[in-house]
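These notes concern the structure reproduced below.
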Amino acid sequence: MGKAFSEEEKEKIKENIMNTAIELFHNNGLKSLSISELTKSVGIAQGSFYNFWKDKDSLIIDLAAYRSGQKLKALEEKFSNSIKDPAGFLTEVIYKYSLDLMQKIKTQPVYEEAFKILKTKKSDEMNQIEKLYGEFLKKLVIYWKENSAVKTADECGLANAFIGSFLLCTDYYLFDEKYFEDILKTYISAIATKYIKV
C-alpha cells in the first residue's frame, strides 16, 4: 500500500507536477507528453497523478488557472491605482490581461490547448476559471466600497467583461487585425462603464 501524504505534501506534489508539466509542455509539445513521462519526471507513481486530476485535459485547465491566479494576485497589489477611475482601471486591467493571453495562445501551446478544451467542455473547467475572475472582482469591489470609490458595482456583469474578452481573444483570427484591439477595448470599456456607478 502507498504512503499517505499530508495536505502540505499533496500541495507541494501538485505544484511540482504543474511546474514540471509546464516545462515539459514547452520542450515536447502537448500531444507528445504522456502522463507516465510527467510522473516519471516528478518522481511519483503514475497512479498518483489521478489523485489530483482525472486526465491530461484537467491538468491543462488547472495549469491555465494556476497561471491566471498568479497574475490576478499580482494585480491585487495595484488596487490603489483604481480609486480615481475604477472603470478605467478595470478596462485597462482586462484589456492588457486579454492581449497578454492572446499572445500566449499564439505562442504557448498549453494556453491554446486550454482554451480549445474550455470551448468544447465548458462545465466544471470553465467554472474553475470563472471562479478566479469572480474572486478577483469581489476583492476589487470590496476595496472600492471601503474607499468610497464607487456607489455600486455589479460583479456578475463585470465578470462578463473578462469572459467575453477572452472569448474574443481565442477567436482573434476571425477579426480584421487592424480593428481587433479597438473592438476589444470598446467591448471591455462599455461593460465596465455600464456596471460601475461612481
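The values are calculated or read from the model by the stated rules, or taken from the named source; none is laboratory data. Predicted model, so just to flag it, every value in this text is computed and none were measured. Cβ coordinates were reconstructed from backbone atoms using ideal geometry, including for glycine residues, and neighbour counts include every protein chain displayed. Areas reflect the complete protein model, heavy atoms only, side chains present, ligands, DNA and RNA absent. Shrake-Rupley method; radii C 1.70, N 1.55, O 1.52, S 1.80 Å.
Summary table
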quantity: Environment charge of LYS96, counting only residues whose C-beta is closer than 13 Å and scoring Lys/Arg +1, Asp/Glu -1; calculated: +1
quantity: Cβ-defined net charge surrounding THR152, 13 Å radius [Lys, Arg +1; Asp, Glu -1]; calculated: +2
quantity: Total charge dipole magnitude, the chain, about the Cα centre, Cβ charges on Lys, Arg, Asp, Glu only, Debye to nearest 20; calculated: 180 debye
quantity: C-alpha long axis of helix 56-76 to longest principal axis of the chain, angle in °; calculated: 40 degrees
quantity: Anisotropy class of the stretch 28-103 from Cα gyration tensor, a/c 1.5 cut; calculated: prolate
quantity: Residues of the chain: accessible area per residue with a 1.4 Å probe, Å²; calculated: 56 Å²
quantity: Ordering of 63-71, 91-99 by burial proxy (mean other Cβ atoms within 10 Å per residue, highest first); calculated: 91-99, 63-71
quantity: Top positive-direction residue, dipole computed over the chain with Cβ charges, set THR20, ILE105, PHE136; calculated: PHE136
quantity: Above-threshold pairs, the threshold being 30 Å between Cα atoms, out of LYS139/LYS178; LYS12/LYS84; LYS151/LYS178; LYS12/LYS104; LYS54/LYS185; LYS84/LYS106; calculated: LYS139/LYS178; LYS12/LYS84; LYS151/LYS178; LYS54/LYS185; LYS84/LYS106
quantity: Potential lengthening between LYS138 and LYS84 on full extension [0.36 nm per residue; Cα-Cα distance subtracted]; calculated: 17.6 nm
quantity: Peptide ranges 181-193, 157-169 listed from the most packed, as the mean C-beta count within 10 angstrom indicates; calculated: 157-169, 181-193
quantity: Cβ-defined net charge surrounding GLN46, 13 Å radius [Lys, Arg +1; Asp, Glu -1]; calculated: 0
quantity: Between helix 86-107 and the chain: long-axis angle, C-alpha atoms, 0 to 90°, nearest 10; calculated: 40 degrees
quantity: Cα-only radius of gyration and Dmax that characterise the chain, units Å; calculated: 18.9, 60
quantity: For the stretch 148-155, 3J(HN,Hα) per residue [Karplus equation, 6.51 cos²θ - 1.76 cosθ + 1.60, θ = phi - 60°, Hz, x = Gly/Pro]; calculated: 6, 8, 9, 8, 9, 8, 8, 4
